[in-house]
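Take a look at the structure below.
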Amino acid sequence: MDKNLIQRTVSGIVYVAVIILCSTPLGAQLLNSIAPGLIKQQYLFYGLMSLLLIVGTWECVKIMKFGNGYEKWVVYPLVIFIFYIFSKRYFNHDFFFDFRLSEILALALIGIAVVTLFKYPNELYFDSGKLIFTVIYVALPFSFALGLPKFSSYSDTFSLEVLFLFILIWSSDTFAYLVGKFFGKHKMAPKISPKKTWEGYAGGVVLTLVLSYFVEHYQPELRGNWMVVGFLVAAFAPLGDLVESQLKRNFGVKDSGNIIPGHGGVLDRLDSFIICVPVVYLYFILEKFI
């Protein structure tokens with residue numbers, strides 16, 4: 001058997017297992033069965049997001065090839081500071097999804113960063129542009145991710161929004177790949193991602209909507225309508241892949257890293273998550289006004 005296939009399979013299983021253990025009550029239950037009272041689930045999830053934030057920042061700095069100016073050293077404190085602000089809200093249960101101008105502006109900045117990457121890439125060749133893009137592209141999505149799950153400090157409850165977000169992203173990617181492989185004829189973005197097709201995109205949307213119907217039906221305690229979430233994920237997950245592909249293409253990089261053997265780096269694996277989290281977060285804000 002191909003050693004690369006074995007490596008990809010093993011690392012993929014480990015990756016999925018870590019996501020499941022850190023985004024559901026299973027992680028704390030497993031650890032507490034070994035050492036009772038060892039940890040609460042909210043700390044496992046927070047630890048996962050913190051790790052992904054730090055590694056993702058390091059990969060983005062490496063991809064964009066920062067110079068030796070102050071920007072290279074300021075980026076980490078800025079990323080950590082933004083994450084710290086959201087961390088206080090996370091542990092204080094302060095994510096109410098009310099209309100906050102600061103949140104809307106932060107979400108808008110992510111959209112502006114994406115537009116800049118595609119339309120005005122020359123702005124990112126300056127270290128100041130690299131600094132701003134990295135902070136927006138990495139810090140804000142992982143910070144907003146802290147607001148998705150609900151948990152209690154007095155019980156073992158921990159809601160599953162993040163787990164099912166990952167599941168829908170994985171299904172969207174898988175369905176789009178399979179439909180595109182067998183039926184794809186029309187390229188979506190041949191210069192950025194040659195394998196993506198509009199047929200695959202449509203297949204990913206339809207089949208992810210089917211899966212999201214079952215999520216909505218069997219997980220009614222989840223925040224929001226998951227038919228809507230499923231549509232948003234299927235619509236925007238491919239954009240996440242295109243954004244990261246364009247970023248690597250602009251700077252002549254193949255992979256963001258190799259922390260996940262056979263799969264690349266954190267940004268390679270979480271490119272769709274990085275775009276989908278702000279979109280879903282915005283939906284949860286708007287849903288309260290509908």
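The values are calculated or read from the model by the stated rules, or taken from the named source; none is laboratory data. On a predicted model such as this, the values are computed, not experimentally measured, just so you know. Cβ atoms come from the backbone with ideal geometry, glycine included; neighbour counts cover every protein chain shown. We work out accessible area using only protein heavy atoms, side chains counted, and drop any ligands, DNA or RNA first. Shrake-Rupley method; radii C 1.70, N 1.55, O 1.52, S 1.80 Å.
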Inset, instruction - Give me the net charge of residue 226's neighbourhood, meaning all other residues with Cβ under 10 Å from the Cβ of residue 226; Lys, Arg count +1, Asp, Glu -1. - result: -1
Inset, instruction - Using amide H atoms built 1.01 Å from N in the peptide plane, name the residues 5+ places from residue 189, or on other chains, whose amide H lies under 5 Å from its own. - result: 196
Legend entry - HN-Hα J in Hz across the range 208-221 - Karplus 6.51, -1.76, 1.60, θ = phi - 60°, x for Gly and Pro: 5, 4, 4, 5, 5, 4, 5, 4, 5, 6, 9, 10, x, 7
Legend entry - Counted charge near residue 286, where neighbours are those whose Cβ lies closer than 15 Å (Asp, Glu -1; Lys, Arg +1): 0
Legend entry - Distance (nanometres) between label positions extended 7 Å along Cα→Cβ at residue 217 and residue 101: 4.5 nm
Legend entry - Inter-probe distance in nm under a simple model that places probes 7 Å from Cα toward Cβ, at residue 8 and residue 32: 3.9 nm
Inset, instruction - Two decimals is fine: what's Rg over Rh for the chain, C-alpha atoms, Kirkwood radius as Rh? - result: 0.95
Legend entry - Rounded if a/c under 1.5, otherwise prolate or oblate - the range 201-290, Cα gyration tensor axes: prolate
Legend entry - trypsin sites (Lys or Arg not before Pro), loop per DSSP, at most 10 other Cβ atoms within 10 Å - longest free stretch of the chain: 1-184
Legend entry - Filter on 150/248; 130/187; 88/150; 62/119; 187/254; 130/181 - keep pairs with C-alpha separation over 24 Å: 150/248; 130/187; 130/181
Legend entry - Additional length obtainable on full extension of the chain from residue 154 to residue 198, 0.36 nm per residue less Cα span: 11.1 nm
Inset, instruction - Could you tell me the accessible area of residue 39 in Å² (1.4 Å probe, neighbours in place), rounded to the nearest ten? - result: 50 Å²
Legend entry - Neighbourhood charge, 11 Å Cβ-Cβ cut-off, centred on residue 28 and excluding it, Lys, Arg +1 and Asp, Glu -1: 0
Inset, instruction - Tally up the carbon and sulfur contribution to the accessible surface of the chain as a whole percent, 1.4 Å probe, everything protein left in place. - result: 68 percent
Legend entry - Sites residue 182 and residue 119 - FRET efficiency at Förster radius 35 Å, r taken between beta-carbons, to 0.05: 0.55
Inset, instruction - Starting from the Cα of residue 288, step 7 Å along the direction of its Cβ; do the same at residue 84; then give the gap between the two resulting points in nm. - result: 2.6 nm
Inset, instruction - Starting from the eigenvalues of the Cα gyration tensor, five times each then square-rooted, give me the equivalent ellipsoid semi-axes of the range 52-168, largest first, whole Å. - result: 29, 15, 14
Inset, instruction - Give the accessible area for residue 174 in Å² (nearest 10); use a 1.4 Å probe, count only protein heavy atoms, and leave out ligands, DNA and RNA. - result: 70 Å²
Legend entry - Exposure rank, largest accessible area first [73, 226, 198; 1.4 Å]: 73, 198, 226
Legend entry - For the range 3-288: accessible area per residue (Å², 1.4 Å): 49 Å²
